[in-house]
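Participant: What follows is a single structure, and I will ask about it in a moment.
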Amino acid sequence: MKTVNQKGWFFVLPVLLLVAFNALIPMMTVVNYSVQETFGNNLFLWEGLTWFQQLLTEERFYKALGRQFMFTGLILVIEVPLGIAIALSMPRQGIWVPVCLILMALPMLIPWNVVGAMWNIFTLPDIGLLGYFLNNVLGINYDMTQDPIAAWVTIITMDVWHWTSLVVLLAYAGLVSIPDAYYQAAKIDGASNWSVFRFIQLPKMKPVLTIAILLRFMDSFNIYTEPFVLTGGGPGNSTTLLSIDLVKRALGQFDLGPAAAMSLIYFAITLLVSWLFYTLMTKDDLN
Amino acid sequence: MAKITLSNLRHSYYPNPSEPSDYALKEIDLDWNDGGAYALLGPSGCGKSTLLNIISGLLVPSEGRILFDDKDVTDLPPDRRNIAQVFQFPVIYDTMTVYDNLAFPLRNRGRDEVTVKTRVTAIAEMLELTDMLSQKAAGLSPDNKQKISMGRGLVREDVNVVMFDEPLTVIDPHLKWKLRSKLKELHQRIKATMIYVTHDQTEALTFADQVVVMQDGEVVQIGTPVELFERPAHTFVGHFIGSPGMNVLPCSLIDGQAYFTDHPVALEGAISGSPKGRTEIGIRPEFVTLAKSGLSATVSKVSDVGRHTVVECDAGGSKIRAIISGAGPEKGAPVFLNFQQNQTRLYVDGWIATHAQEAQS
């Protein structure tokens, strides 16, 4: 007769408990909220898919989603090429390497809410360095609390300032790993600078760039703190990204059901786009 | 194709070299004849790769000139010297097919697609890459990748010299000899000057007509493989070439007669000049024999290396190796060693100091 040993369960129990405690149970709570109407005193009423249907037919959600994609799209279009360009112009050896690396890493070391606060003060039209300079020296009418375009320019600039370094450092890591022989062979083959970039540097950077884009996509798609501190989603709703809209529903209006449903959809979109992107980028390597 | 002349070449990686030791290359004067197969042989760090990079133009020498067919190319960049170089690790353009890899140097030089096609097809045929032409280069094995890097050098019809910088380092042992004979064959077909850098004496001796042996940034000897083996100009060459290397024994000179410990040793011929400095006897293990009388020694180690036996003996505190056929004596056994006279040479401060024996008629 075959003996069955169940002792193995004891070994996975600690990690199972940990994961349950910090991931599974909170996640299931959200699922639980998303299908019920919640009242005080732990009173729940079954609602089925009502919140999902309501959300997916609502203009407010699609507008926030549109803004979110616009934000993420814009920062990727700026940060990736800019990051590559900076990485290409950084020195490969010598005493300036650590200096450059530290300067690059600095913005990433600043807490997110401090970044938001810094840029908020920086851009104030009356006392902020940038705001005052734009309004009173260059004569450009700039006030991000009034003008949606100014608000968008500011949150995009802030994100570029804060996170381009990540792309730079990853791209740089890819660049320095290219052996000298590649550049020497290209020189002998008579390759132009563009060819060197197109056929040596870019292919060698591809794996790290894939990671960089993936990280920047996920981070910027879930961004909350910095735009919340900087614009609070305004003026009007012009910079209300998905996360800000979600918090407004959950904590502002205390609509836990719709907010939970939105969280799940939000999560699914992030996951789906990341998966699609990663699969497409690594498809060639598998063959 | 061209004759390459290196004149008074010196190179240092320091900005202001003062000591001789600051120089990676010390005073090189060399002529490479058009169409020759050369090997540049030396231990790691002897300056052979520096020399190669100076010829290809990747490095500009601190002093001296490089001439291709009497035209000064010292200040020309690599792509204007019409040279090709194959590196230690295969360099291929990952995103391109094998065909595009081979066509790359031609396209960069603005050749029309018809020419590109003829050249690429011919070179692929020569290197046995024809059935891989449409494949992505990234997925190939190291030896095929190395063939592509060779092909990119050979595809240009006007190439002056093809240089190989330890090209077989990453190739599997059983493919090494295959690629090596391929190289030899290519040299015979293409007739371009080829320079092959290596620290492996087998590779150098099988590939080259002329071997240039380097040590510490200096050329120690230039010669055919046979010359290097038979008459090493320097004890270093004797050590470095041959397996095991030449025996080098301290000796004293009294009235033109060499003595090892107290034992007189007959040299191959007359000693040139009046030697001052460190004197040594050099004899290859192949020419040391065991006999009934002679230099007495004790066997310290016997290794059977297949077709012959290497007997290592201890005599007067020096190690002497002899290569003999058949089984060797027991370890610890007393033996007598004889040196074949016409192969026994005197070295003064490392350099050969005896004249070869006149050929007996």
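The values are calculated or read from the model by the stated rules, or taken from the named source; none is laboratory data. Since the structure is predicted, the reported quantities are computational estimates derived from the model, not experimental observations. Cβ placement follows ideal geometry from the backbone for every residue including glycine, while neighbour counts extend to all protein chains displayed.
Participant: Does segment B:40-51 contain at least one residue that is in a strand (DSSP E or B) and under 21 Å from B:GLN210 (Cβ atoms)? Working first, answer last.
Facilitator: Keep residues of segment B:40-51 that are in a strand (DSSP E or B), which gives B:40-41.
Pick out the ones that are also under 21 Å from B:GLN210 (Cβ atoms) and you get B:40-41.
Taking every residue of segment B:40-51 in turn, at least one turns out to be in a strand (DSSP E or B) and under 21 Å from B:GLN210 (Cβ atoms).
Participant: Same structure, new question: A:LEU45: assigned to a strand (DSSP E or B) and at pLDDT below 90, yes or no? Steps first, answer last, please.
Facilitator: On the way: assigned to a strand (DSSP E or B): yes; at pLDDT below 90: yes.
In short, yes.
Participant: Take B:THR224 and decide whether it is polar (S, T, N, Q) and either surrounded by 17 or more Cβ atoms within 10 Å (Cβ to Cβ) or assigned by TED's automatic domain parsing to the domain that holds B:ARG152 (or both). Break it down stepwise before answering.
Facilitator: Numbers: polar (S, T, N, Q): yes; either surrounded by 17 or more Cβ atoms within 10 Å (Cβ to Cβ) or assigned by TED's automatic domain parsing to the domain that holds B:ARG152 (or both): yes.
Yes: the conditions hold for B:THR224.
Participant: Taking the condition of being more than 12 Å from A:VAL176 (Cα to Cα), part of a loop (DSSP other than H, G, I, E, B) and aliphatic (A, V, I, L, M), how many residues in segment A:83-104 meet it?
Facilitator: Within segment A:83-104, residues that are more than 12 Å from A:VAL176 (Cα to Cα), part of a loop (DSSP other than H, G, I, E, B) and aliphatic (A, V, I, L, M) number 1.
Participant: Residues that are surrounded by 17 or more Cβ atoms within 10 Å (Cβ to Cβ) and away from chain B (no Cβ under 14 Å), at least 3 per element: which helices (runs of 4 or more DSSP H) completely within segment A:157-256 meet that?
Facilitator: Because the criterion is at least 3 residues that are surrounded by 17 or more Cβ atoms within 10 Å (Cβ to Cβ) and away from chain B (no Cβ under 14 Å), the helices (runs of 4 or more DSSP H) in segment A:157-256 that meet it are A:202-221, A:225-230, A:242-247.
Participant: Out of contact with any Gly (no Cβ under 9 Å at 6 or more places or on another chain), among the hydrophobic types (A, V, I, L, M, F, W, C), under 23 Å from B:GLU203 (Cβ atoms) and surrounded by 19 or more Cβ atoms within 10 Å (Cβ to Cβ): does that describe B:LEU175?
Facilitator: Values: out of contact with any Gly (no Cβ under 9 Å at 6 or more places or on another chain): yes; among the hydrophobic types (A, V, I, L, M, F, W, C): yes; under 23 Å from B:GLU203 (Cβ atoms): yes; surrounded by 19 or more Cβ atoms within 10 Å (Cβ to Cβ): no.
Spelling it out, it is not the case that B:LEU175 is out of contact with any Gly (no Cβ under 9 Å at 6 or more places or on another chain), among the hydrophobic types (A, V, I, L, M, F, W, C), under 23 Å from B:GLU203 (Cβ atoms) and surrounded by 19 or more Cβ atoms within 10 Å (Cβ to Cβ).
Participant: A follow-up question, please. Can you tell me which residues in segment B:128-158 are surrounded by fewer than 20 Cβ atoms within 10 Å (Cβ to Cβ) and β-branched (Val, Ile, Thr)?
Facilitator: B:THR130
Participant: Name the single residue, out of those in segment B:336-361 being among the aliphatic types (A, V, I, L, M) and closer than 14 Å to B:VAL248 by Cα, that is modelled with the lowest pLDDT.
Facilitator: At the first step, the residues of segment B:336-361 found to be among the aliphatic types (A, V, I, L, M) are B:337, B:346, B:348, B:352-353, B:356, B:359.
With closer than 14 Å to B:VAL248 by Cα added as a condition, the list becomes B:346, B:348, B:352-353.
Working: B:LEU346: 86, B:VAL348: 86, B:ILE352: 85, B:ALA353: 81.
Checking each candidate, the answer is B:ALA353.
Participant: Next up: How many residues, within segment A:247-278, are touching a Leu at 6+ places or on another chain (Cβ under 8 Å) and not hydrophobic (A, V, I, L, M, F, W, C)? Even if it seems obvious, please write down each step before you answer.
Facilitator: Just the residues of segment A:247-278 that are touching a Leu at 6+ places or on another chain (Cβ under 8 Å), to begin with: A:250, A:258-259, A:261-263, A:265-266, A:269, A:274, A:277-278.
Adding the requirement that they be not hydrophobic (A, V, I, L, M, F, W, C) leaves A:258, A:263, A:266, A:274, A:278.
Result for segment A:247-278: 5.
This table checks each residue for (1) within 26 Å of B:GLU227 (Cβ to Cβ); (2) touching a Lys or Arg at 6+ places or on another chain (Cβ under 7 Å); (3) surrounded by 13 or more Cβ atoms within 10 Å (Cβ to Cβ); (4) among the hydroxyl-bearing types (Ser, Thr, Tyr).
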{"site": "B:THR309", "(1), (2), (3), (4)": "no, no, yes, yes"}
{"site": "B:GLU312", "(1), (2), (3), (4)": "no, yes, yes, no"}
{"site": "B:GLY317", "(1), (2), (3), (4)": "no, no, no, no"}
{"site": "B:ARG321", "(1), (2), (3), (4)": "yes, no, yes, no"}
{"site": "B:PRO334", "(1), (2), (3), (4)": "no, no, no, no"}
{"site": "B:ASP349", "(1), (2), (3), (4)": "yes, yes, yes, no"}
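Participant: I'm trying to understand the selection: among the residues of segment B:231-251, which are loosely packed, with under 15 Cβ neighbours inside 10 Å and over 18 Å from B:SER296 (Cβ atoms)?
Facilitator: To start, the set of residues in segment B:231-251 that are loosely packed, with under 15 Cβ neighbours inside 10 Å comprises B:243, B:250.
Within segment B:231-251, just B:SER243 meets the criteria.
Participant: Next question, about the same structure. Answer with yes or no whether B:LYS48 is basic (Lys, Arg), free of Cβ contacts under 8 Å to residues at least 40 places away in the same chain and more than 9 Å from chain A (Cβ to nearest Cβ).
Facilitator: On the way: basic (Lys, Arg): yes; free of Cβ contacts under 8 Å to residues at least 40 places away in the same chain: no; more than 9 Å from chain A (Cβ to nearest Cβ): yes.
No: the conditions fail for B:LYS48.
Participant: With respect to B:SER12, is the statement that it is of a type in the set (Gly, Ala, Ser), loosely packed, with under 13 Cβ neighbours inside 10 Å and more than 26 Å from B:GLY242 (Cα to Cα) true?
Facilitator: Values: of a type in the set (Gly, Ala, Ser): yes; loosely packed, with under 13 Cβ neighbours inside 10 Å: no; more than 26 Å from B:GLY242 (Cα to Cα): yes.
No.
Participant: Could you grab me the full set of residues in segment B:75-119 that are surrounded by fewer than 17 Cβ atoms within 10 Å (Cβ to Cβ), among the polar types (S, T, N, Q), more than 9 Å from chain A (Cβ to nearest Cβ) and not in a strand (DSSP E or B)?
Facilitator: B:THR115, B:THR118
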